[in-house]
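The values are calculated or read from the model by the stated rules, or taken from the named source; none is laboratory data. Values in this document were obtained by computation on a predicted structure and should not be read as measured data. FYI the Cβ positions are ideal-geometry reconstructions off the backbone, even for glycines, and counts take in every protein chain you see. Surface accessibility is based on the protein's heavy atoms, side chains included, excluding ligands, DNA and RNA. Shrake-Rupley method; radii C 1.70, N 1.55, O 1.52, S 1.80 Å.
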Protein chains: 2
Amino acid sequence: MKKYAEIYGNELLNEVIPFWEKYSLDKEYGGYFTCLTEKGEIYDTDKFIWLQARQTWLFSLLYQLVQKKESWKKIALLGADFLKKYGRDTNGDWYFSLNQQGQPLVQPYNIFSDCFAAMAFGKLNEIDPKSEYAEIAKSTFENILRRQNNPKGKYNKVYPKSRNLQNFALPMILCNLSLELEPLLGSERVSEVTDSVIDLVMNTFYDKKSGLVLENVSAQGEFVDNFEGRLLNPGHAIEAMWFIMNLGIRKNDSELVEKAEKIMFQQLDHGWDEKYGGIFYFMDIKGHPPQQLEHDQKLWWVHLETLVALAKIYAYNQNPKAAEWFKIVHDYSWNHFRDKANGGEWYGYLNRQGEVSLNLKGGKWKGCFHVPRALLEVWKTLEKTER
Amino acid sequence: MKKYAEIYGNELLNEVIPFWEKYSLDKEYGGYFTCLTEKGEIYDTDKFIWLQARQTWLFSLLYQLVQKKESWKKIALLGADFLKKYGRDTNGDWYFSLNQQGQPLVQPYNIFSDCFAAMAFGKLNEIDPKSEYAEIAKSTFENILRRQNNPKGKYNKVYPKSRNLQNFALPMILCNLSLELEPLLGSERVSEVTDSVIDLVMNTFYDKKSGLVLENVSAQGEFVDNFEGRLLNPGHAIEAMWFIMNLGIRKNDSELVEKAEKIMFQQLDHGWDEKYGGIFYFMDIKGHPPQQLEHDQKLWWVHLETLVALAKIYAYNQNPKAAEWFKIVHDYSWNHFRDKANGGEWYGYLNRQGEVSLNLKGGKWKGCFHVPRALLEVWKTLEKTER
């Protein structure tokens, strides 16, 4: 497994990062372009807050973990300055999107803007400490906790008290975000927040009977037999399991780490497409037709997060099953998502058969995040293994 | 072309209608089940107002046009009674969805509930005149016109005055809905409403330069170069053209009919998938990657509405191009959407290659509407042709 470390490090530093350095910087108005064709051409100039924040975070992380390159810090600041200046409304809630110049386009209906903004300013504060950055990260984090029971606010279309479901995405992100912000929040606050989200993820969203993680449960934490309640998102569940493993290691809780490992393999076994390879995007726990038309597509982040999870398991206990699965998912991903012709960032969207369905490198939902983060995580994780 | 009349009529009366009669009726709580597997099993019991209304309308229409069968009127009333009792909030706006018993689940954020409710009660009033039905249809129609500039109301997430786009769906539906409600509204009111929507569709949404119909334009009616502004939905445009042809015929305006015919063919030529056959669901007018992951799928309604449009053109002027295209789209649709193994209602969702992607007969977005309406329209339209 150790041999993969170099492969992933090279791909990160020689292909993926140069792509974003070369094509995504808006030197005129600040921030980043994320809507880029396979050749790096800009096809849309709108700026999606969560993607702006993810790229700011990523370049801060590179500076912190890989090399103290001034150009990387400068790129992080290009996003951070734009976000700071234009990203929030008067309540401190982060917009969903802005135009190229920074004027708001879509209201703060989506709390993931806030999650990634907190993550960005938290990391930036580690490489370039400023009370302003720390303040933005902390106040945004507290704002997320305050909004967590109704993250969509007035844009929530559910009839009151009829079927208020809890969605898995926010607790899952909080597992990671709290840990990311530990230098700012302090270990006591992090333990307090993460203990409750670990419990939620591993006891409420995790469905013991099926061995799978539900994407939505009732307000009381029960299974609900409707489209949302039956929904599975294997990639989400797998990504969450490597967050949980990190938390387990932090707590020295080997039982938690092993439970996360077990659930991760269950998800992967269940989500793998035996016919064409790759992991399905959405499934219905009862096998009914899901409402998502794209249910059987193969998405880059699902596969990259799986590689991270498998690398982490292998590094933790050298489980040969992790090595076997890693090879399978690695081969699938490098053969299908990697752009052999143009290099650079990877493709994101394949059809079930594994052919490129959208030939973009970035868009409204794909930016500079999952590919470089996973390449970095796999590289740094496997580098430490013996073989 | 005349030979198709019998084929379409048979399919309607011997396959599609019996499927809905047999599997969709909720005799316990009223209304209809629409989430049905390929074998007719109910996999979800939620009730989506627009689909409840569409089925009420369809069975009223069958009673009116095909045969005065009491069982069809009874089915229409099963939906109408449920809608009347549970469908609206205190403002008279129609909810998006209810549970099986009729309790509201999702708020009236979507004006298409209202459009189809008006259509249902309008048609029901023609087969079973009651002042109550007429009143519901008329007041709902006026409510739609009042809401048309901000149909999503408080659920609209666009930042004020930033980029308020006009969407094509509502004007398109109003072309048809006004005509449907003519017995209630009177011809003067219909002319008034339709003249303004015809102008909107044919001069604002229709983009002369490309010869294509845009799905979204700016508040001022201009092309906007972003995801929404570049979006094409060939099926929508084609369906709208047969609505416009109906309006042109009503007005005795042959120029309008011919313009609609021309635009229809342009859409079809542009939307046809040369590689695998079928018509794409979404496209980008500049050829950029659209944001809809399902962009290259083949949807039942797109193809069925195309068959209706082609039949109407052929009946109007016997254009041989209409006959040629009809055969091509007919062969594609009957080979791919029709369920050869189980019969009954048709499949709805194919992947680009033409394989069934979701093996449902009905769901949240597919009910008893496009298949039977198109079969009936083609049957009745081609029946009148000479050959």
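In nanometres and ascending order, the distances from the A:Gln64 label point to those of the other copies are 6.5 (point 7 Å from Cα along Cα→Cβ).
Let's test the formula: R0 of 41 Å, r as the Cβ-Cβ distance of B:Trp334 and A:Lys286. What FRET efficiency results, to the nearest 0.05? List each step's numbers first, then the result.
Numbers: r = 31 Å, r/R0 = 0.76.
Working from the Cβ atoms, E equals 0.85.
Evaluated at q = 0.21 Å⁻¹, a Debye calculation over the C-alpha positions of the range B:1-79 (equal weights, vacuum) places log10 I(q)/I(0) at -0.98.
Take A:Lys262, push a point 7 Å out from Cα through the beta-carbon direction, and compare it with the same point in every other copy: 7.1 nm, smallest first. Amide H to amide H, with H built 1.01 Å from N, A:Leu36 comes under 5 Å of A:Tyr43, A:Lys361, A:Gly362, A:Gly363, counting only residues 5 or more places away or on other chains. For a modelled paramagnetic label at B:Glu182, 7 Å from Cα along Cα-to-Cβ, the residues of the range B:248-289 in reach, with backbone nitrogen under 16 Å, are B:248-254, B:256-257.
Evaluating 6.51 cos²θ - 1.76 cosθ + 1.60 at θ = phi - 60° for every residue in the range A:292-297, the Karplus couplings come out as 6, 5, 8, 3, 9, 6 Hz, glycine and proline recorded as x. Summary for B:Trp365: label point 7 Å along Cα→Cβ; distances to the equivalent points in the other copies, ascending, 1.2 nm. Computed from Cα atoms alone, the Kirkwood hydrodynamic radius reported for the protein assembly as shown is 27.9 Å.
Of the trypsin sites (Lys or Arg not before Pro) found in the range A:279-337, the ones in coil according to DSSP and having at most 16 other Cβ atoms within 10 Å of their Cβ are A:Lys286.
Backbone amide hydrogens, once placed in the peptide plane, bring B:Leu25 within less than 5 Å of B:Phe33, excluding anything fewer than 5 places away on its chain. Among the listed pairs A:Lys68/A:Lys259; A:Lys366/B:Lys157; A:Lys251/A:Lys321; A:Lys73/B:Lys286, those whose Cα-Cα separation exceeds 30 Å are A:Lys68/A:Lys259; A:Lys73/B:Lys286.
Placing +1 on the Cβ of every Lys and Arg and -1 on the Cβ of every Asp and Glu, with no other charges, gives the protein assembly as shown a dipole of roughly 320 debye about its Cα centre. The 3J(HN,Hα) values that the Karplus relation (6.51, -1.76, 1.60; θ = phi - 60°) gives for the range A:354-364 are, in residue order, x, 8, 4, 9, 10, 8, 9, 9, x, x, 7 Hz. Gly and Pro appear as x.
If you take the accessible area of A alone, add that of B alone, and subtract the area of the pair, what total do you get in Å², probe 1.4 Å, to the nearest 100? Could you put the intermediate results ahead of the total?
Working: alone 16730 and 16770 Å², together 29670 Å².
In total, this chain pair buries about 3800 Å².
DSSP loop (so not H, G, I, E, B), at most 14 other Cβ within 10 Å: list which GluC sites (Glu not before Pro) in the range B:307-387 pass both filters. Mind dumping the intermediate values first?
Details: sites: B:Glu324, B:Glu345, B:Glu355, B:Glu377, B:Glu383, B:Glu386; in loops: B:Glu345, B:Glu355, B:Glu386.
Taking the range B:307-387 and a limit of 14 other Cβ atoms within 10 Å, the loop GluC sites (Glu not before Pro) found are B:Glu355, B:Glu386.
Please find, in a Gaussian network model of chain A (springs between Cα atoms separated by less than 10 Å), the residue of A:Arg338, A:Arg146, A:Arg230 whose mean-square fluctuation is greatest. Of A:Arg338, A:Arg146, A:Arg230, the Gaussian network model singles out A:Arg146 as fluctuating most.
Proximity of backbone amide H atoms, modeled 1.01 Å from N, is registered between B:Val213 and B:Asp207 at under 5 Å, excluding neighbours fewer than 5 places apart on the same chain. Across the accessible surface of the range B:1-121, with the other protein chains kept in place and a 1.4 Å probe, carbon and sulfur atoms take up 48 percent. Entry comment: accessible area of the range A:132-237 is 44 Å² per residue, from protein heavy atoms only and a probe of 1.4 Å. The label-point distance for B:Ala169 and A:Arg387, in a model that sets each label 7 Å from Cα toward Cβ, rounds to 5.9 nm. Note that the range B:16-64 presents 29 Å² accessible area per residue, ligands and nucleic acids not counted, probe 1.4 Å.
When you look at the Cβ of every residue in A:153-161, what mean number of other chain Cβ atoms sits within 10 Å? The partial results should precede the final answer.
Numbers: counts 0, 3, 6, 2, 12, 4, 12, 2, 1.
Taking all residues of A:153-161 together, the mean is 5.
Other chains' Cβ within 10 Å of A:283-295 residues: what's the mean? Could you put the intermediate results ahead of the total?
Working: counts 0, 2, 0, 2, 1, 9, 15, 3, 7, 3, 13, 6, 5.
Mean partner shielding for this stretch: 5.
Take the alpha-carbon centre of the range B:1-22, take the same for the range B:291-312, and report the distance between them in whole Å. One Cα centre to the other: 20 Å.
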